[in-house]
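Working notes, beginning with the structure itself.
The values are calculated or read from the model by the stated rules, or taken from the named source; none is laboratory data. Predicted model only: the values in this text are computed from it and were never measured. Cβ: placed from backbone, ideal geometry, glycine included. Neighbour counts: every protein chain shown. Accessible surface areas use protein heavy atoms only, side chains included; no ligands, DNA or RNA. Shrake-Rupley method; radii C 1.70, N 1.55, O 1.52, S 1.80 Å.
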Amino acid sequence: MHADNSVFRGRLAPYLLVFPSLILLLVFLYYPAIRTLMLSLYQSNVVLGTQKYVGMQNFLRTLSEPSYLQAFWQTALFAGLVVFIGIFLSLLLSLMASNIPSGGRFYRLMLIFPYALSPAIAGTLWLFLFNPEIGTVNSVLYSLFGIKPRWLDDPNLAFFLVVAAAVWKNLGYNIAFYLAAIQNLPREVVEAARIDGVNSFQMFWKITVPMLSPITFFLVFANLIYALFDSFGLVDILTRGGPIHGDTGVTTFLIYKLYREGFENFQTGMAATQAILMLVIVGVLTTIQFRVGRKQVHYGG
């Protein structure tokens, strides 16, 4: 007798189970995406209630706008620094934390802790630390060297302050993945390398880094998305896109410029256009990463 191994007794049952998920996707993903694409073709103002079809003019206007081009290059530099510095520091700290003989759990918990903070709380902490007048950092610097840097007013200092805050905020996320990967490295490979007389640097560069490359490949993409989108809260709390340098604020990144167009200038058409452009940028970067980065990934086994 042939056994019936089918899970569902009727053809309709699988579709009924998938239906709630489809509704959620339609309402919260596909409809907003289609609506954003449609809005990008209109010149609209939600306050005045006006809407005029302009076709691709919003895209041409945005791509020829000096302030947008400046925000684009600032975002590219910011994202590059956050990804590179964040992954380098995370890997270094993870290797150090994994070799602590006693109290390792406490140190690992403290390293991961910043990721648990919301961007608003993290931004507020950095704002109190680096406040030019009453901040803890300036109090120490003034007592030691007699200086009080204007962290939030100087364009260069403000930019690198936001970079440092963004890197610190996301360290815990990277460290959690690296620690798990390091603890699961094949012991026989490490022991064989030590027997062969491999020094610490060779062990790190020739063995540890290649074996961690799948995690690094994932974290590059995760940190890139974080830098492009999740840095909004830090920027809004610390600098609000300023200070002004050139055609726009030095910390006005693409996501913050999009916010200003939509919620301060109420130009929903321009905001939708910038959202579409950011989607294209992420798509292009993802394609490049998967085509180029995967060649550098070593999968053991």
Starting from the coordinates of the alpha-carbon atoms of the stretch 14-66, obtain the Kirkwood hydrodynamic radius over all distinct pairs and give the value in Å to one decimal. 13.4
Using only the alpha carbons, work out the radius of gyration and Dmax of the stretch 177-234 in angstrom. 15.4, 50
Quick check: with the 1.4 Å probe, what order do E65, E133 take by accessible area, largest first? E133, E65
Share of carbon and sulfur in the accessible heavy-atom surface of the chain [1.4 Å probe, %]: 68
Show the residues, 5+ positions off or on another chain, whose built amide H is closer than 5 Å to the amide H of Y42. V54
Need the full-extension length gain, E191 to W205, defined as separation in residues times 0.36 nm minus the C-alpha distance. One decimal, nm. 3.5 nm
Calculate the FRET efficiency for V47 and V284 from the Cβ-Cβ distance with a Förster distance of 35 Å, rounded to the nearest 0.05. 0.55
What number does the stretch 201-280 give for Rg over Rh if you use C-alpha atoms and the Kirkwood radius? 1.20
Counting only heavy atoms of the protein chains, get the accessible area per residue of the chain (1.4 Å probe) and round it to a whole Å² value. 61
With every protein chain left in place, what is the accessible area of V280 in Å² (1.4 Å probe, nearest 10)? 80
Given only helices, namely DSSP H runs of n ≥ 4 each adding -39500 (n - 2.57), what is the per-residue ellipticity at 222 nm of the chain, to the nearest 500 deg cm²/dmol? -20000 deg cm²/dmol
Compute the relative contact order of the chain as a whole-number percentage, counting only Cα pairs closer than 8 Å that sit 6 or more residues apart in sequence. 28
Apply the Karplus parameterisation 6.51 cos²θ - 1.76 cosθ + 1.60, with θ equal to phi minus 60°, to every residue of the stretch 12-18 and state each ³J(HN,Hα) to the nearest whole Hz, in sequence, with x for glycine and proline. 7, 4, x, 5, 5, 6, 7
Once phi is turned into ³J(HN,Hα) by the Karplus curve 6.51 cos²θ - 1.76 cosθ + 1.60 with θ = phi - 60°, what whole-Hz value does each residue of the stretch 155-161 show in order, with x for glycine and proline? x, 5, 5, 5, 4, 6, 5
To the nearest 10 square angstrom, how much accessible area does M56 have with a 1.4 angstrom probe? 110
Of S118, S143, S213, which has the most accessible area with a 1.4 Å probe, and how do the rest follow in descending order? S143, S118, S213
Over all alpha-carbon pairs of the stretch 1-156, lay out the pair-distance distribution in 10 Å bins, whole %, shortest bin first. 8, 14, 20, 22, 19, 12, 4, 1, 0, 0
So, relative contact order of the stretch 148-252 in percent, Cα under 8 Å, 6 or more apart, is 42
Can you check how the C-alpha radius of gyration of the stretch 65-163 compares to 2.2 N^0.38 Å, as a plain ratio? 1.36
What spacing in nm lies between the two simple spin-label points modelled at R291 and R61, each 7 Å away from Cα in the Cβ direction? 3.3
